[in-house]
Amino acid sequence: MSKHLKSKPLMFFSHIVFIALCLAIILPFLLLISSSVTSEEALVVHGYNFIPKQFSLEAYEYLWRHSSQLFRAYGITLLVTGVGTLTSLVITSMLAYPLSRYDLPGRRVFTFLIVFTMLFNGGLVPTYLIYVRLFGIKNTLWALIVPGLLMNGFHVMLTRTFFQKNIPPAVIESAQCDGATEFQIYRKIILPLSLPIMATIGLMTAIRYWNDWYNGMIYLNDPQLYSLQVMLNEMLMNIRFLSDTNLGGAAMGAVRIPGTSVRMAIAVVGALPIISIYPFFQKYFVQGITLGSVKE
Amino acid sequence: MIGAQAGSSQRMKRVKKYFPLFLMMVPGFIYLLINNYLPMFGLVIAFKDIDFTKGILASGWAGLKNFKYLFSTADAFIITRNTILYNITFITLDLIVAVFLAILLHEIMESYSSKVYQTVLLLPYMISTVIVGYLVYAFLNVRTGYVNTKLGPLFGFPKINWYMESQYWPFILPIVNLWKTIGFSVMIYFSAIIGLDRSCYEAAVIDGATKWQQIRHITLPLLKPVMILLLLLQTGRIFYSDFGMFYQVPMDSGMLYSTTNVIDTYVYRALLRLGDVGMASAAGFYQSIVGFLLVVTTNLIIRKISPEDALF
């Protein structure tokens, strides 16, 4: 039946639109990759090109020779993403589970306290002053993990709703009758049953950590602590500075290192893991979008 | 539970029973206290004359002085105008393009190519705005950018110093924003279309409705609630903007501030570049309060039309 509902010309048109769209999305990435494998001279003379005018891996060789800082930044990104995501999952689920229990005293008040954080926030100035002045977070690794990213009310509410819909109260009651403590119930029953929501939220959180440069820009000025994105941000801001103050081609020789192709190479290295891993997790990601579809 | 114990011992029992559950919530609430509630109280900074040698609490009150300064500058108007106009543009473009694409995507029968399109479409949403900044730079860079060295000569327009001339950015930013976020909205509308009742279409086909008639008279009306909901939610956030879009993509170029400065970037620059806590906190307060009122108002409307989608 559903075959009759489709129309051939419309489908053809759809394919054309989507192919054009996919090109519009992929071509910029191609330009980035291609410029990272173009020799610096060709880049300066001919400009950016989709097909390298003069193929060269010098940017990547340069990165390899100066890899200690890059590896360090990579390590920090991995560490922050790992620790942050795990901690986030633990505290989010530990907050969501009691809230999902209809018998919890004060449930409405607690829920309101969480929802309110989604409606109102203090903004950058007080947040910055509290983290810096009160907690001394400046130039520590905490700055990349804690502010803004560790937990959010939206994820707590999604998890709570998942628990309410998918874990029958009878299961919890019978475990209680068998003498299980609340922590045992959380660990042995709730967590194993909540794999789908944990995967979805974990993925969203991990991507946020991986992509975050804002916390680094605000709270760090020690390059030793820079994560990949923070490093990229710093370099992007420097390029403009160089090209603004550049007096023309003559000065180019002086500022060759690290050249444009090197920066593009670092951007490629920074974007590649997400681009290559994400198709495998797309299912969970799409789930996250449509779950909260509307509630963001 | 039912025993004949005195009220107080019953309460003790209740507290004892739920104590582990309360304990579980402690880390989460401590985080919300630090990350959300303390900064809310910190909004009073806007009414203070901050002197860091004395500390925040001991600093004297400034009354409305910070706000008087803020609103006497041209910036207050520019950042409000930019924030709202960009958001309206983004929301409108996003709605039209996303609904259009979601309907087309649904027409594609082969599930394989449909999956591929979805994957590619969502790609820009996954990468950080820093990377987006690099991508845009590869196109717009004055000396070597693709637009100036290739497209310019091809279509015969002169080299443009994109990062110096502000008049182009009200067109560049909506395009970049659409490029980055469209996949997300398409997925929302696409999943809404999948969820629609097929029997309407079957009946329509039997009655000889054309494809266009089906879209016009079935799909669009059935999607209307989702569109309204999304519109309202986005309207509630109209006083906020994606910081990276307005900071990274124009590469923080001072020449572009008249068309790229929004409240979020203004607050950041006032606080961390200029160290002007008074100005920054006044602008931040203004954003928080107006933002809050808008969120609450839109949410009240949502509660009227679709209670299960309301936040509270």
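Each reported figure results from applying straightforward, stated rules to the coordinates on display, with no laboratory input. None of the values given here were measured: they were computed from a predicted structure. Here the Cβ positions follow ideal geometry from the backbone for every residue, glycine too, while neighbour counts run over all protein chains shown.
Using alpha-carbon positions, what is the distance between the centroids of the stretch B:109-165 and the stretch B:237-280, in Å? Centre-to-centre (Cα) distance: 23 Å. Here the protein assembly as shown is treated with +1 on each Lys and Arg Cβ and -1 on each Asp and Glu Cβ, and its dipole about the Cα centre works out to around 1100 debye. Of all aspartates and glutamates in the structure, the ones whose alpha carbon falls short of 20 Å from that of B:LYS13, not counting any fewer than 8 places away in one chain, are A:ASP103, A:GLU173, A:ASP178, A:GLU182. Cross-link partners of A:LYS138 among lysines, defined as those whose alpha carbon lies under 22 angstrom from its own and excluding same-chain residues fewer than eight positions apart: B:LYS54.
Among B:179-186, B:151-158, B:80-87, the peptide with the highest mean count of other Cβ atoms within 10 Å heads the list, and the full ranking is B:179-186, B:80-87, B:151-158.
Considering only alpha-carbon pairs that sit under 8 angstrom and 6 or more positions apart, the relative contact order computed for the stretch A:15-140 is 12 percent. Database remark: amide H of B:LYS48 closer than 5 angstrom to the amide H of B:ALA62 (H placed geometrically; neighbours at sequence offset of 5 or more, or on other chains; Pro and chain starts carry no H).
Each part reduced to its alpha carbon centroid, the stretch B:71-105 and the stretch A:96-159 end up 28 Å apart. Where only DSSP H runs of four or more residues are counted, the protein assembly as shown gives -21500 deg cm²/dmol as its mean residue ellipticity at 222 nm, each run worth -39500 (n - 2.57). Ignoring the sites themselves, what is the longest stretch of chain A with no chymotrypsin sites (Phe, Trp or Tyr not before Pro) in a DSSP loop and at most 14 other beta-carbon atoms within 10 Å? Of all site-free stretches, the longest is A:103-296. In this structure, the pairs whose alpha-carbon distance is over 27 Å, taken from A:LYS8/B:LYS115; B:LYS224/B:LYS304; A:LYS283/B:LYS304; B:LYS211/B:LYS304; A:LYS8/B:LYS180, are A:LYS283/B:LYS304; B:LYS211/B:LYS304; A:LYS8/B:LYS180. Ignoring lysines fewer than eight residues from B:LYS68 along the same chain, the ones with Cα atoms less than 23 angstrom from its Cα are B:LYS48.
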